[in-house]
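Asks: The following block contains the structure, expressed as structure tokens.
The values are calculated or read from the model by the stated rules, or taken from the named source; none is laboratory data. Just so it is clear, the structure is predicted and the values come from calculations on it, not from any experiment. Cβ sites come from the backbone with ideal geometry, for glycine too, and all protein chains shown count toward neighbours. Please note that ligands, DNA and RNA were not included when accessible areas were found on the heavy atoms of the full protein model with its side chains. Shrake-Rupley method; radii C 1.70, N 1.55, O 1.52, S 1.80 Å.
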Amino acid sequence: QVRLVESGGGLVQAGESLRLSCEASGRTLSSYSMGWFRQAPGKEREFVAAINWSATSTFYADSVKGRFTISRDNPKNTVYLQMNSLKPEDTDVYSCGAAGRWPPTRLNNYNYWGKGTQVTVSS
């Protein structure tokens, strides 16, 4: 069993930055691809970014490419999402997940989820 806890969300103005963290406990993350998804109330979870277990491959949604960077620190069992040049449309609850199947861009390939952290970007 893997327990994931996100942190780092908050309220920022457009153009500012935030860094989200996702810390795992209960089992090492090194065998999982990891991803960040976001979800607005009443909508489906939307893919944001993913990284494979060795951090040699990363994937991004077109809407965040060039602004967001995903990274991981396997010894610390932590995954990060650096979000720069934030826009009001980035406002959502951001959740991290651990994917046991490939590719990590697909929601159904995820085995474990955190509860999420709120990101709010004001204009």
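Asks: So which residues in segment 1-53 are open to solvent by 50 Å² or more (accessible area, probe 1.4 Å), in a loop (DSSP other than H, G, I, E, B) and either modelled with pLDDT under 95 or closer than 21 Å to LEU107 by Cβ (or both), if there are any at all?
Replies: GLN1, GLY26, ARG27, THR28, SER31, PRO41, GLY42, LYS43, GLU44, ARG45, TRP53
Asks: Can you give me the number of residues within segment 90-108 that are surrounded by fewer than 20 Cβ atoms within 10 Å (Cβ to Cβ) and either assigned to a loop (DSSP other than H, G, I, E, B) or touching a Ser or Thr at 6+ places or on another chain (Cβ under 8 Å) (or both)?
Replies: Just the residues of segment 90-108 that are surrounded by fewer than 20 Cβ atoms within 10 Å (Cβ to Cβ), to begin with: 91, 93, 100-103, 105-108.
Checking which are either assigned to a loop (DSSP other than H, G, I, E, B) or touching a Ser or Thr at 6+ places or on another chain (Cβ under 8 Å) (or both) leaves us with 91, 93, 100-103, 105-106.
Total meeting the criteria: 8.
Asks: Also, quick follow-up: Among the residues that make up segment 55-73, is at least one of them among the acidic types (Asp, Glu), open to solvent by 60 Å² or more (accessible area, probe 1.4 Å) and in a loop (DSSP other than H, G, I, E, B)? Talk me through it step by step, then tell me what you get.
Replies: Our first condition is that a residue be among the acidic types (Asp, Glu); within segment 55-73, this holds for 62, 73.
Subsequent filtering for residues that are open to solvent by 60 Å² or more (accessible area, probe 1.4 Å) retains 62.
Right, trim to in a loop (DSSP other than H, G, I, E, B) and you get 62.
Yes, because at least one residue in segment 55-73 is among the acidic types (Asp, Glu), open to solvent by 60 Å² or more (accessible area, probe 1.4 Å) and in a loop (DSSP other than H, G, I, E, B).
Asks: If you go through segment 27-48, how many residues are farther than 20 Å from SER63 by Cα and charged (D, E, K, R)?
Replies: 1
Asks: Mind telling me which of the residues SER63, SER25 ends up being out of contact with any Ser or Thr (no Cβ under 9 Å at 6 or more places or on another chain) and touching a residue at least 40 places away in the same chain (Cβ under 8 Å)?
Replies: Just one listed residue meets the conditions, SER25.
Asks: Output yes when any residue across segment 65-72 is of a type in the set (A, V, I, L, M) and in contact with a helix residue (DSSP H, G or I) (Cβ under 8 Å, 6 or more places away or on another chain), and no when none is.
Replies: No - not one qualifying residue is present in segment 65-72.
Asks: Within segment 9-34, work out how many residues are closer than 24 Å to ASN52 by Cβ and among the aliphatic types (A, V, I, L, M).
Replies: So the answer is 5.
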